[in-house]
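Each remark here refers to the structure printed beneath this line.
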2 protein chains.
Amino acid sequence: MSRFTLEEYAHRLARTRDAMQARQIEVLLITSPENMNYLTGYDAWSFYTHQMAIVALDREPIWIGRGIDVPCATATSYLQPSDVIGYPDEYVQSSERHPMEFIAAELERRGLGSRVLGVEMDNYYFTARCFHKLQASLPRCTFKDASGLVNWVRIIKSEAEVELIRQAGVIADRAMTTAVETITPAIRQCDLAARIMQAQITGTEAYGGAVPGGLVMGIGAKAAAPHLSWTDDPVGSDVVANIELGGCRARYHAGLARSVYLGNPPGQLRELAAIVRDGLETVFASVAPGRTCAQLEEAWRGVISRFGLIKPSRIGYSIGLGYPPDWGEHTASLRPGDATELQPNMTFHVILGMWQGALSFVLSETILVTETGHESFSRMPRELFVVS
Amino acid sequence: MSRFTLEEYAHRLARTRDAMQARQIEVLLITSPENMNYLTGYDAWSFYTHQMAIVALDREPIWIGRGIDVPCATATSYLQPSDVIGYPDEYVQSSERHPMEFIAAELERRGLGSRVLGVEMDNYYFTARCFHKLQASLPRCTFKDASGLVNWVRIIKSEAEVELIRQAGVIADRAMTTAVETITPAIRQCDLAARIMQAQITGTEAYGGAVPGGLVMGIGAKAAAPHLSWTDDPVGSDVVANIELGGCRARYHAGLARSVYLGNPPGQLRELAAIVRDGLETVFASVAPGRTCAQLEEAWRGVISRFGLIKPSRIGYSIGLGYPPDWGEHTASLRPGDATELQPNMTFHVILGMWQGALSFVLSETILVTETGHESFSRMPRELFVVS
């Protein structure tokens, strides 16, 4: 049983087909798990083998994947059984045969062997060999790059999707609260991470969570490293712990980052925290339909430049449906030059990570663009937490 | 600080360079996170952006990735700071520039712009566009497919690696024990998953765990679906719960699967469990250096065919270092036709998943090939667990 109504999937397909027609693509070959999920409901941990959702302008979507995953597809998608096709296991991680050869034969068999195909050239799981095998097996097809096509359709969320991200935000707050309540100088980093992950997956009494796209922590001497996992070492004293987590509800994410100081924070760190908080709230106050992503970054830069601070990396990105290792949508980024205009029901993870040696600090929240401004999905205080 | 000794990395590099020379590859471009980790120690949750480890025959390895991840590379790898290169953030998920263009320029700058390059054509994260951008930017280079080159080097584990997998096995047993002790008909699936994941990440008093490549459960009406996550629903009564998890220690995995029946198991399921256990132990008794992967599958088939049972999917694969969504090495598989000969210090996840409607059952363990036979990394009873 699929998660959303059939009407919602029909709407997603209609918007996707509009984008296909605009690029003169007749058949879209989707290999990224989040886009497969978005269009068909398919939701399984099978994306380590090649699989594909096929969306043509003139027929119902098709799923092709490993034979043993057919029950996963019928359990989670709305597709008709005749549109769910499994390939034999001998195609799995073989040096002699490739699943794209099977898929190409299936496209031929269904009369799609001379169409204009769109492929996701820069999505993970569409490897260089996938493309070569498809090209070699479908010589009469024309191939077009459809990277990001579905991602850009996804950038505007439905009300049902917003509600899931709102729930993910509640889960994120619970997980971060667990982190702040659990962390001590003596606790092993792995035990802290275990408690956070438990909170993320348990969720609330009303709804459970899922494995998020990631959980990272930079602690002490490694505080300036944004994307590390934990170690077995204790957290330690007189250190900052930068924690970035994602509440995840039905694969929809709300990112959330906070810093915790173990001890009495140096004055410089308190000052940095105040500046970044000011920056966050200035960005949020700038959010409104019609503004551009670049303008949000400009608002941020206006705050920190007064203090001589520089942040060389983007300050946020569109967020939503995702599987590890990511929850970002690979579309709009909050950075100079990004002219994407904000629209209602876009969602962004605004992440102000100041990774600068021992004086590192992170603050992030996930927000919804509304008709008039924004709604944050977090209720966590926007402060440097202190545990002594 | 890297996890293994410099001697161990030197040994890995030497074996990799031997394989490069055998294929007449001068420079190997590595994009899969587990292979990057294997060769350089680099271990960060940054593989949602393009990054690469470069191994030439005649110089030290180089890491190129996103600028903000430079501290992650210096914190986890043994590389010299001058061999750790960050690209500007404007290359991240941009429609105008691609990190492979930056990487190509860096290869040129270091005099590698007319070499024979090996690329991992069928590893995730080496997208079709990555290949196109490299080809277009390095017209004087020759490209060869090096898919699996490092994976096949990895198939023989060092003693240090075996010890980590042994520890992962202890963690897997603890996580499965937690599952069996926690599961009840009334518990929500998400709460069960949360407890399992907590156990996996906490590890033992002596060493912690990490996020494994996956955690899947097929319960009740979905018991025949091998790769689903949990829902918010209670587990239920008179159902089988098939749980596959991986203990993970420093990214090294030991896979483990067991089935739990909630209630009084039907006789047919008890019989199936006995047959599969017999099959597992027959396979294990067949393990010895010189035997082939296909022969192990044949031993299994000999057992189940006596009962008219068929398993159309492989019964195992080489396992070790990995990141979500996988812990398999994409090399040897236990299936007909796989002529890979077993050698000491290979490790396999032998997974006997009988996914056949309501009568589904799973049993798996991870084993080491020894000089004379095998060592299992699990001490869990090989039975259908019963909770009533």
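The values are calculated or read from the model by the stated rules, or taken from the named source; none is laboratory data. For clarity, every value in this text was computed on a predicted model and none was experimentally measured. Virtual Cβ from ideal backbone geometry, glycine too; neighbours counted across all protein chains shown.
Note on the stretch A:95-116: among residues that are touching a residue at least 12 places away in the same chain (Cβ under 8 Å) and in a loop (DSSP other than H, G, I, E, B), the one that is nearest to the other protein chains (Cβ to nearest Cβ) is A:H98.
I need the full set of residues from the stretch A:166-182 which are β-branched (V, I, T), touching a residue at least 40 places away in the same chain (Cβ under 8 Å) and surrounded by fewer than 23 Cβ atoms within 10 Å (Cβ to Cβ), in order please.
Residues of the stretch A:166-182 that are β-branched (V, I, T), as a first pass: A:170-171, A:177-178, A:180, A:182.
With the extra rule that they be touching a residue at least 40 places away in the same chain (Cβ under 8 Å), the set shrinks to A:170-171, A:177, A:180.
Within the stretch A:166-182, A:V170, A:T177, A:V180 qualify.
Just to be sure before I move on: is A:Q189 in contact with a helix residue (DSSP H, G or I) (Cβ under 8 Å, 6 or more places away or on another chain), in contact (Cβ under 8 Å) with a residue 24 or more places away in the chain, more than 7 Å from chain B (Cβ to nearest Cβ) and not hydroxyl-bearing (S, T, Y) in the structure I sent? No: the conditions fail for A:Q189.
Scanning for something more than 12 Å from chain B (Cβ to nearest Cβ) and hydroxyl-bearing (S, T, Y), does the stretch A:310-325 turn up at least one residue? No, the stretch A:310-325 has no match at all. B:G118 passes every criterion in (1) out of contact with any Lys or Arg (no Cβ under 7 Å at 6 or more places or on another chain); (2) farther than 22 Å from B:S46 by Cα; (3) of a type in the set (G, A, S) apart from (1). Which residues, counting only those in the stretch B:20-52, are away from chain A (no Cβ under 14 Å), over 18 Å from the mean Cα position of the chain (by Cα) and either under 20 Å from B:H98 (Cα atoms) or among the aliphatic types (A, V, I, L, M) (or both)? If the condition is that a residue be away from chain A (no Cβ under 14 Å), over 18 Å from the mean Cα position of the chain (by Cα) and either under 20 Å from B:H98 (Cα atoms) or among the aliphatic types (A, V, I, L, M) (or both), then B:M20, B:A22, B:I25, B:V27, B:L28 are the ones that fit. In this structure, A:M380 qualifies as farther than 25 Å from A:V153 by Cβ, at pLDDT 95 or above and surrounded by 15 or more Cβ atoms within 10 Å (Cβ to Cβ).
Residue check: B:G302 meets all listed conditions (1) in a helix (DSSP H, G or I); (2) surrounded by 15 or more Cβ atoms within 10 Å (Cβ to Cβ) but one, namely (2). Of a type in the set (G, A, S), in contact with a His (Cβ under 7 Å, 6 or more places away or on another chain) and farther than 29 Å from A:P212 by Cβ: does that describe B:G148? Answer is yes for this residue. The residues of the stretch A:338-386 that are of a type in the set (D, E) and within 14 Å of chain B (Cβ to nearest Cβ) amount to a single one, A:D338.
Being among the β-branched types (V, I, T), over 20 Å from B:R66 (Cα atoms), in contact (Cβ under 8 Å) with a residue 40 or more places away in the chain and more than 12 Å from chain A (Cβ to nearest Cβ), is that true of even one residue in the stretch B:122-144? Break it down into steps so the answer makes sense when it comes.
Let us first name the residues in the stretch B:122-144 that are among the β-branched types (V, I, T), namely B:127, B:142.
After this cut, where a residue has to be over 20 Å from B:R66 (Cα atoms) as well, the list is B:142.
If we keep only those that are in contact (Cβ under 8 Å) with a residue 40 or more places away in the chain as well, we get none.
No, because not a single residue in the stretch B:122-144 is among the β-branched types (V, I, T), over 20 Å from B:R66 (Cα atoms), in contact (Cβ under 8 Å) with a residue 40 or more places away in the chain and more than 12 Å from chain A (Cβ to nearest Cβ).
Of all the residues in the stretch B:58-94, those that are within 28 Å of B:T5 (Cα to Cα) and either buried (at least 16 other Cβ atoms within 10 Å of the Cβ) or of a type in the set (S, T, Y) (or both) number 24. Among residues of the stretch A:67-78 that are aromatic (F, W, Y), those with a Cβ under 9 angstrom from a residue that is assigned to a helix (DSSP H, G or I), sequence gap 6+ or separate chain, pair up as A:Y78/A:L6; A:Y78/A:Y9; A:Y78/A:T40. Quick check: is even one residue across the stretch B:203-210 assigned by TED's automatic domain parsing to the domain that holds B:R335, of a type in the set (S, T, Y) and more than 30 Å from B:W45 (Cβ to Cβ)? Within the stretch B:203-210, not a single residue is assigned by TED's automatic domain parsing to the domain that holds B:R335, of a type in the set (S, T, Y) and more than 30 Å from B:W45 (Cβ to Cβ).
Each residue in the stretch A:58-81 was checked for being within 14 Å of chain B (Cβ to nearest Cβ), within 16 Å of A:I103 (Cβ to Cβ) and not aromatic (F, W, Y), and 6 of them qualify.
Checking the stated criteria, B:T282 turns out to be polar (S, T, N, Q), in contact with a helix residue (DSSP H, G or I) (Cβ under 7 Å, 6 or more places away or on another chain) and surrounded by fewer than 24 Cβ atoms within 10 Å (Cβ to Cβ). Taking the stretch B:320-357 on its own, how many of its residues are of a type in the set (D, E, K, R), under 15 Å from the mean Cα position of the chain (by Cα) and more than 10 Å from B:I155 (Cβ to Cβ)? Looking only at that region, the number is 1. Listed by first and then second residue, the pairs with beta-carbon distance under 8 Å, at least 6 apart or on different chains, first residue in the stretch B:27-41 and on the phi > 0 side of the Ramachandran plot, second assigned to a helix (DSSP H, G or I), are B:G41/B:Y9; B:G41/B:T76.
Residues that are buried (at least 19 other Cβ atoms within 10 Å of the Cβ) and either outside the structural domain of B:I25 (by TED's automatic domain parsing) or farther than 24 Å from A:S147 by Cα (or both) within the stretch B:95-114 comprise B:L107, B:L112, listed in sequence order.
Screening the candidates B:V55, B:V84 for the property of being within 27 Å of the chain's Cα centre (by Cα) and within 14 Å of chain A (Cβ to nearest Cβ) yields one hit, B:V84.
Every test in (1) touching a residue at least 60 places away in the same chain (Cβ under 8 Å); (2) hydrophobic (A, V, I, L, M, F, W, C); (3) in contact with a Pro (Cβ under 9 Å, 6 or more places away or on another chain) is passed by B:L363 save one, and that test is (3).
Can B:T372 be described as touching a Phe, Trp or Tyr at 6+ places or on another chain (Cβ under 6 Å) and of a type in the set (S, T, Y)?
So B:T372 does not fit the description; no.
Only one entry in A:V92, A:V119 is among the hydrophobic types (A, V, I, L, M, F, W, C), touching a residue at least 60 places away in the same chain (Cβ under 8 Å) and at the interface with chain B (Cβ under 8 Å from one of its Cβ atoms), namely A:V119. For the stretch A:212-242, a residue qualifies if it is in contact with a helix residue (DSSP H, G or I) (Cβ under 7 Å, 6 or more places away or on another chain) and either at the interface with chain B (Cβ under 8 Å from one of its Cβ atoms) or among the acidic types (D, E) (or both), and the qualifying residues are A:L215, A:K222, A:A224, A:A225, A:P226, A:H227, A:L228, A:W230, A:T231, A:D232, A:D233.
The set of residues in the stretch B:192-208 that are over 15 Å from A:C190 (Cα atoms) and either more than 7 Å from chain A (Cβ to nearest Cβ) or at pLDDT below 95 (or both) contains only B:L192.
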